[in-house]
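K.L.:
Quick one: the structure is below, questions incoming.
The values are calculated or read from the model by the stated rules, or taken from the named source; none is laboratory data. Everything numeric here is computed off the predicted structure, so don't read it as measured data. No Cβ is skipped: glycine too gets one built from the backbone with ideal geometry, and neighbour counts run over all protein chains shown. Ligands, DNA and RNA are stripped out before the accessible areas are found, and what is left, the full protein with its side chains, is counted by its heavy atoms. Shrake-Rupley method; radii C 1.70, N 1.55, O 1.52, S 1.80 Å.
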Amino acid sequence: MSIASAAESTDRRRALVRRGILLSYATITYNSLEAIVALIAGILAGSVALVGFGFDSVIEVTASLAAQWRLRADLDAHRREHAELLTMRIVGACFIGLAVYILYDAGTTLWERRAPERSVLGIVMLALSMVVMPLLARSKKSVARALASGALQAEARQTSLCAYLSVIGLAGVALNAAVGWWWADPVAALIMVPIIAQEGVEGLRARVCC
């Protein structure tokens, strides 16, 4: 590779890194608001699905902060490899913890037949996330592919996961609000568990391949 080509490649990576950092800031901002709203709405309504979604948003913030660290280490090959692996494992451990929490809380709610209250705020927030998160995920995936980063691709998948969880959560919360199916809320939370756990296992098994 010529000096000019190497310089062009470095400049392109720097531009991609800047774009990735901006997307990361956008994700952190939105997920922080999402977490606050979901946790408040979930605690007030006694909704396992909303509380679980809120904690997922907290993990998304953690993942985005870890992704920022990975992005800022991009031009240093040694730091990049270390950040790549540690980022995936930190996020993986967070997801395993969340899956265990939801499994326990949703199972207890079903066993004790604790009916959650209706939450209009939760419904609005989940519906908004169904629109916002896929847009962020698509943009982040394009940056991750261009940088050939497994950690960034995993973080982008987690943003997609947030969109899927918003659909599942919305179904449970809306059914409870519309027709009084109280069990739909904890069942929706339980449906989230294998999806979340799978992401966690993949993160903990991460290996740097390049």
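K.L.:
What number goes with the only condition from (1) more than 15 Å from Thr159 (Cα to Cα); (2) surrounded by 17 or more Cβ atoms within 10 Å (Cβ to Cβ); (3) touching a residue at least 24 places away in the same chain (Cβ under 8 Å) that Leu44 does not pass?
P.N.:
It is condition (2) that Leu44 fails.
The rows are residues; the columns are (1) under 26 Å from Tyr30 (Cα atoms); (2) aliphatic (A, V, I, L, M); (3) touching a residue at least 24 places away in the same chain (Cβ under 8 Å).
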position: Val124; (1), (2), (3): yes, yes, no
position: Ser129; (1), (2), (3): yes, no, yes
position: Pro134; (1), (2), (3): yes, no, yes
position: Leu147; (1), (2), (3): yes, yes, yes
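K.L.:
Modelled with pLDDT of 85 or more and surrounded by fewer than 16 Cβ atoms within 10 Å (Cβ to Cβ): which single residue out of Ala77, Ala127 fits that description?
P.N.:
Of Ala77, Ala127, the one residue that is modelled with pLDDT of 85 or more and surrounded by fewer than 16 Cβ atoms within 10 Å (Cβ to Cβ) is Ala127.
K.L.:
Only one of these is touching a Phe, Trp or Tyr at 6+ places or on another chain (Cβ under 8 Å), among the polar types (S, T, N, Q) and closer than 30 Å to Arg12 by Cβ: Thr87, Thr159. Name it.
P.N.:
Exactly one residue qualifies, and that residue is Thr87.
K.L.:
Hey, can you tell me all the residues within the range 89-117 that are of a type in the set (A, V, I, L, M, F, W, C), under 20 Å from the mean Cα position of the chain (by Cα) and open to solvent by 30 Å² or more (accessible area, probe 1.4 Å)?
P.N.:
Listed by number, the residues that qualify are Ile90, Ala93, Cys94, Ile96, Val100, Leu103.
K.L.:
Let me ask something else about it. Conditions: (1) without any contact (Cβ under 8 Å) to a residue 12 or more places away in the chain; (2) farther than 16 Å from Ser166 by Cα. Leu33 meets all but one. Number of the miss?
P.N.:
Condition (2) is where Leu33 drops out.
K.L.:
Of the numbered conditions (1) at pLDDT below 75; (2) open to solvent by 80 Å² or more (accessible area, probe 1.4 Å), Ala83 fails exactly one; give the number of that condition.
P.N.:
Evaluating Ala83 over (1) at pLDDT below 75; (2) open to solvent by 80 Å² or more (accessible area, probe 1.4 Å) leaves (2) as the failure.
K.L.:
Moving on. Tally time: how many residues in the range 171-210 are acidic (Asp, Glu) and open to solvent by less than 10 Å² (accessible area, probe 1.4 Å)?
P.N.:
Total meeting the criteria: 1.
K.L.:
Would a scan of the range 156-170 turn up a residue that is surrounded by 24 or more Cβ atoms within 10 Å (Cβ to Cβ), closer than 17 Å to Arg19 by Cα and either touching a residue at least 40 places away in the same chain (Cβ under 8 Å) or among the polar types (S, T, N, Q) (or both)?
P.N.:
yes
K.L.:
Related question: Pick from the range 138-149 the residues that are open to solvent by less than 30 Å² (accessible area, probe 1.4 Å) and among the small types (Gly, Ala, Ser): which of them is modelled with the lowest pLDDT?
P.N.:
Ser149
K.L.:
For the list (1) under 16 Å from Ile123 (Cβ atoms); (2) of a type in the set (Gly, Ala, Ser); (3) open to solvent by 20 Å² or more (accessible area, probe 1.4 Å), I need the number of the one condition that Ser32 fails.
P.N.:
Against the list (1) under 16 Å from Ile123 (Cβ atoms); (2) of a type in the set (Gly, Ala, Ser); (3) open to solvent by 20 Å² or more (accessible area, probe 1.4 Å), Ser32 comes up short only on (1).
K.L.:
Ala137 passes all but one of (1) part of a loop (DSSP other than H, G, I, E, B); (2) under 25 Å from Arg72 (Cβ atoms); (3) of a type in the set (Gly, Ala, Ser); which number fails?
P.N.:
(1)
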